[in-house]
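Chemist: After the structure tokens below, expect a handful of questions from me.
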Amino acid sequence: MADEINPKELTVLVTGASSGFGAATATRFLNAGAKVILAARRAERLEQLAADYGTQAHCVALDVCDKQAVEQTIATLPAEFSAIDLLVNNAGLSRGLEAAHETQWEDWEAMIRTNIDGLLHCTRAVLPVMVKRNRGHIINLSSIAASYPYPGGNVYGGTKAFVRQFSLGLRSDFAGRAIRVTSLEPGKAETEFSLVRFAGDEVRAKAAYEGYDPLTADDIARCIFWVATLPRHININTMEVMPLAQSFSDFQMKDAPLD
Ligand code: NDP
Ligand code: 8X3
């Protein structure tokens, strides 16, 4: 029987490690003995998280939208962190929940730049070493919004559908190589996600999780850890996870005034 991967043998890069899924994932891998590179714009939060882990953790202040900065960061990693086994492409955001005609163009741009461009920058930067070593795993944070539309999810859902399809495309590119790719597609999870979506409106953000048990950041970290430590011959292509309380709604049936 093939063995599970020992996390102590892994070097993991987690983007968006300053909050939510990323912070929980970095913590879970650090506690299991992995070497972890923590990346996000709010470096002080990363330093705080990493403080107890000494040389096991390496923090980088990084905006994933900045292609040059991503390339430079990956190219200049300390030798002991340079052979990345697992990239958790987690940095991402949603801005706004307006219908398409009411949205701010800047919000759409921010989602495209972060969720698509940022993810591509990080993927492209780590791939050469993974291919050279013929070893690696990329776990991309997509969303249930990739598969199920909801009002106001227009561009956010579109970016996450890109992430899902790109992940499957990578799998196809890597046929015959020992590089695994997973699209992880969570439903409602209570993190700072809604605070960012609603531009810091705490009341609105809190209301998004009221009255039911949402997923937690650690629930998702647990999924990531499981997917990443499965024996090397197993690839989870897509993984959709919802809180039990979340389910599907009916198609909308509303008459539109036609004149
Ligand atoms: P959080 O807002 O709690 O965390 C988002 C993280 O992304 C932060 O660490 C933030 O760090 C980082 N980030 C955002 N923009 C950038 C950037 N330009 N460069 C580097 N880092 C960036 O949200 P979640 O933990 O919930 O979200 C993580 C991922 O999971 C996202 O991709 C999100 O779309 C996805 N997701 C979330 C779900 C949910 O319900 N919460 C469900 C499905 C998917 P900083 O601001 O310090 O740079
Ligand atoms: C975030 C989950 O349902 O808010 O990707 O779109 S949802």
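Chemist: Could you please tell me which pairs satisfy a Cβ distance under 6 Å, a separation of 6+ or placement on different chains, a first residue in the range 33-44 that is touching a residue at least 40 places away in the same chain (Cβ under 8 Å), and a second residue that is open to solvent by 10 Å² or more (accessible area, probe 1.4 Å) and within 16 Å of ligand 2 (Cβ to nearest atom)?
Modeler: Ala40/Gly16
Chemist: Continuing with this model, one more query. Could you check, for the range 193-211, whether at least one of its residues is closer than 21 Å to Ala32 by Cβ and open to solvent by 80 Å² or more (accessible area, probe 1.4 Å)?
Modeler: no
Chemist: Now for a different question. If a residue must be out of contact with any Lys or Arg (no Cβ under 9 Å at 6 or more places or on another chain), within 12 Å of Lys188 (Cα to Cα) and open to solvent by 50 Å² or more (accessible area, probe 1.4 Å), how many such residues does the range 217-259 contain?
Modeler: 4
Chemist: Mind checking which residues of the range 172-203 are of a type in the set (A, V, I, L, M) and either away from ligand 1 (no atom under 14 Å from the Cβ) or not in a helix (DSSP H, G or I) (or both)?
Modeler: The answer is Ala175, Ala178, Ile179, Val181, Leu184, Ala189, Ala199, Val203.
Chemist: Can you find, within the range 197-209, the residue that is nearest to ligand 2 (Cβ to nearest atom) among those that are more than 25 Å from Phe166 (Cα to Cα) and touching a residue at least 24 places away in the same chain (Cβ under 8 Å)?
Modeler: Phe198
Chemist: To continue, here is another question. Suppose the filter is assigned to a helix (DSSP H, G or I) and crowded, with 17+ Cβ neighbours inside 10 Å; does His121 pass it?
Modeler: Considered against the rule, which asks whether it is assigned to a helix (DSSP H, G or I) and crowded, with 17+ Cβ neighbours inside 10 Å, His121 comes out as yes.
Chemist: Follow-up. Only one of (1) within 16 Å of ligand 1 (Cβ to nearest atom); (2) within 30 Å of Leu10 (Cα to Cα); (3) among the small types (Gly, Ala, Ser) fails for Gly169. Which number is that?
Modeler: (1)
The values are calculated or read from the model by the stated rules, or taken from the named source; none is laboratory data. Owing to the predicted nature of the structure, the values given are computational and were not obtained by experimental measurement. Don't worry about glycine lacking a Cβ; one is built from the backbone with ideal geometry, like all the others, and counts go over all protein chains shown. Ligands, DNA and RNA are stripped out before the accessible areas are found, and what is left, the full protein with its side chains, is counted by its heavy atoms. Shrake-Rupley method; radii C 1.70, N 1.55, O 1.52, S 1.80 Å.
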